[in-house]
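Here the structure comes first, spelled out in structure tokens, and everything after it is commentary.
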Amino acid sequence: MTSLTYGRGTLAAVAAVLLLVPPAAAVQGPGRSPARAGAAPAGGRIAATPDRPSYDVALRADGDGSRWTGRQTVSFRNSARTPLRSVDLRLWGNGTEGCRGRGKPSPVRVSRVAGGTARPLTVRCSALTVDLAAPLAYGKRASVSFDVAIRVPDRVHRFGKDGAYRYLGNALPLLSVRDAKGRHLDPDVGFGESFFSLAGDFRVVLDHPKALVVPATGTTTRRAGAPGRTVTTSVARGVRDFAWAAGPFRSKRVTTPGGVRLNAYWTRTTSDEGVTGALKDGVGSVDALGKRFGRYPYGELDLVMSDNLDTFGSMEFPGLVLLWTEPDGSGALHEIAHQWFYGIVGNDQFAEPWLDEAFAQYAYESYAGFDTATCWADLGAWPSATSAVTRSMAYYADGHRSEFSRVVYRRGACSLHDLERVLGKPAMARMLRGYVRDHWLGVATTARFKRAAQAATATDLGPFWKEHRIR
């Protein structure tokens, strides 16, 4: 999500898809594939399921991109040893407005379900359970299809409107995850992120008026549709979500020295300085972060910019980042770092928000060359006796919201800088590269990160975890 900086700024508020594998130097050996969520678990652990999802979507827009209607099919595999009898779809676009009542439909609606029977919506209309037509055995695939209707809310938001521009982040229904902790049906608490999804493949066909420019996750091609309309087709492999925007954007394409295409889109009121700054940050950081953590795997990245997102900020999605070009600069560096931490290395963002926010902030600050030598001392006392870097969104939503940015972003990132001082820069770099490799398109946890860090040093890190409240 949005970025924080030390000492400057405030809350800043695939032509061909490349092989989705770690860099050559990180290959795990002959015949072995990268770690992937849903792979057969070791030691009797329950695998995350349903896994290996594939989303096939066709939507048609109204005249200004405020409404999109069509059909979506989701196929998936059961990676649990027990039969899968139902799946949960998350309608995250309803998370803020919830169930609006008669005559006021929620922003995202699903109907005419095939392949199963839909139950009533739950979790403030953001969760839909579908009982499958037949139990799905271990290792087998099934699919469900449904009509989807999306109404873009009238608010400046990652799922909302900005004048003539429409942003559709978290708009498509996604499969929820089930694992050893059970069904993940956490609420959208209204700040930060609550999302948890497994990497999958998307093919999204968007039929829209010709006057609308439509940036989207993935490799995008366009063709003429019916008179006055364009059909934009986007294909994305190994991503956890899909986002797009629509409006009379201006655009420019540049290619980084490392071969990643950056597609810049901006509103008519966005300053030239804002666009130039975001592109400069993008060109430098995509290649640099790729060298550090593993090559950016999606071939291209869309930077969607506006100077009018000050009430919201910036937001990351796979292959697309939404940026507020605020006076002190955009949040491009932090949001692009999220392509690795949340995108490539996934996590349960509700249960362990620090695993994406703190890591993205650390990567950003390291790339930017911030002086963090005294960051821990500079932070002073903990906000409260119950504060901890590893607290969940449930904790922050339950009367501790003021701690969220101070702990997750600032203390989380500073903890990683401190860990780098304990391990040494070369060892930290090797450890993080291995951590990313081992969780490439999979799901990380705090426990797994702590094991990776401890394996990188003979020093007992127990006191370090205790001091930094990484539990």
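The values are calculated or read from the model by the stated rules, or taken from the named source; none is laboratory data. In this text, all values refer to a predicted model and were calculated from it rather than measured experimentally. All Cβ positions, glycine included, derive from the backbone under ideal geometry; neighbour counts span all protein chains shown.
Note down all Cβ pairs under 6 Å where the first residue falls in the range 298-327 and is more than 17 Å from Ser285 (Cβ to Cβ), the second is of a type in the set (Asp, Glu) and not in a loop (DSSP other than H, G, I, E, B), and they're at least six residues apart or on different chains.
Ser306/Asp162; Asn308/Asp162
Name the strands (runs of 3 or more DSSP E) wholly within the range 191-290 that hold at least 3 residues that are surrounded by fewer than 22 Cβ atoms within 10 Å (Cβ to Cβ) and β-branched (Val, Ile, Thr)?
229-239
Take the residues of the range 130-187 that are part of a loop (DSSP other than H, G, I, E, B) and charged (D, E, K, R): which is surrounded by the fewest Cβ atoms within 10 Å (Cβ to Cβ)?
Per the stated criteria, the residue is Asp154.
Please go through the range 340-394 and give me each residue that is under 16 Å from Lys425 (Cα atoms) and not in a helix (DSSP H, G or I), ordered by number.
Quick first cut of the range 340-394, residues under 16 Å from Lys425 (Cα atoms) only: 359, 362-373.
Scanning the range 340-394 gives Gly369, Phe370, Asp371, Thr372, Ala373.
Would you mind finding the one in Arg151, Arg183, Arg178 that is touching a Pro at 6+ places or on another chain (Cβ under 8 Å), closer than 21 Å to Ala444 by Cβ and among the basic types (Lys, Arg)?
The unique qualifying residue is Arg178.
Collect the residues in the range 24-69 that are modelled with pLDDT of 50 or more and on the phi > 0 side of the Ramachandran plot, keeping them in residue-number order.
We begin by selecting, within the range 24-69, every residue modelled with pLDDT of 50 or more; these are 45-69.
Of everything in the range 24-69, those that are modelled with pLDDT of 50 or more and on the phi > 0 side of the Ramachandran plot turn out to be Arg52, Gly65.
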